[in-house]
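**Student:** This is the structure I want to talk about, given as structure tokens.
The values are calculated or read from the model by the stated rules, or taken from the named source; none is laboratory data. Bear in mind that the values here come from a model prediction, so they are computed numbers and not experimental data. No Cβ is skipped: glycine too gets one built from the backbone with ideal geometry, and neighbour counts run over all protein chains shown. Quick note on the areas: whole protein, heavy atoms, side chains included, nothing else; ligands and nucleic acids left out. Shrake-Rupley method; radii C 1.70, N 1.55, O 1.52, S 1.80 Å.
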Amino acid sequence: MTMSDSQAAADWELAKLVHELDMQSAARHRERVSKVGLTIGQASALRELTAPMTLKELAVQMGCEPSNALPIIDQLEREQLLERRPHPTDRRAKHLELTAAGVEYREKLLVSLRGDEPLLTGLTKEEKATLQDLLERALGRS
């Protein structure tokens, strides 16, 4: 096996481990979100809507396109968890804001997301910080 073959095999094994961790974490996350009666998309919108923002701004925070966030926002509005209000400086845009019920639901969601058991088990606080630093570097965020 050449050095490049060896490196490719190591990279493949690392990718498999990252994928497995992602799958386990996503399953735990879905379980916690479903306990409060939300989909992952709805939970993402509620979690990210910390202040009034446009649909485009929220979609960026959620990591999706506005066209994908729109049905989620429509559903949350039907459930009276958020409302669209006039944007203070742009007549063409609307600000999305949580209603009082939305703020309460968001808090309930955040409690559920914290959970009794951490999403990443078997790591110390310091190891989690190191892992976060390494993943951010690998994603080119540092």
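**Student:** Has the range 93-113 got any residue that is among the basic types (Lys, Arg), closer than 15 Å to Leu38 by Cβ and touching a Leu at 6+ places or on another chain (Cβ under 7 Å)?
**Tutor:** yes
**Student:** If you don't mind, another one. Just a yes or no: is a residue in the range 62-73 at pLDDT 90 or above, open to solvent by less than 50 Å² (accessible area, probe 1.4 Å) and in contact with an Asp or Glu (Cβ under 9 Å, 6 or more places away or on another chain)?
**Tutor:** Checking the range 62-73: at least one residue is at pLDDT 90 or above, open to solvent by less than 50 Å² (accessible area, probe 1.4 Å) and in contact with an Asp or Glu (Cβ under 9 Å, 6 or more places away or on another chain).
**Student:** For residues that are in a loop (DSSP other than H, G, I, E, B) and in contact with a helix residue (DSSP H, G or I) (Cβ under 8 Å, 6 or more places away or on another chain), scanning just the range 1-41, find the one that is surrounded by the fewest Cβ atoms within 10 Å (Cβ to Cβ).
**Tutor:** It comes out as Met1.
**Student:** Within the range 83-130, how many residues are in a helix (DSSP H, G or I), touching a helix residue (DSSP H, G or I) at 6+ places or on another chain (Cβ under 9 Å) and aliphatic (A, V, I, L, M)?
**Tutor:** Count: 3.
**Student:** Now for a different question. Mind listing whichever residues of the range 78-112 are among the acidic types (Asp, Glu) and closer than 18 Å to Ile40 by Cβ?
**Tutor:** Glu79
**Student:** Quick one: is Ser44 open to solvent by less than 50 Å² (accessible area, probe 1.4 Å), among the polar types (S, T, N, Q), modelled with pLDDT under 95 and assigned to a helix (DSSP H, G or I)?
**Tutor:** no
**Student:** Is at least one residue of the range 77-96 among the charged types (D, E, K, R) and within 19 Å of the chain's Cα centre (by Cα)?
**Tutor:** Checked against the condition, which is being among the charged types (D, E, K, R) and within 19 Å of the chain's Cα centre (by Cα), the range 77-96 yields no hits at all.
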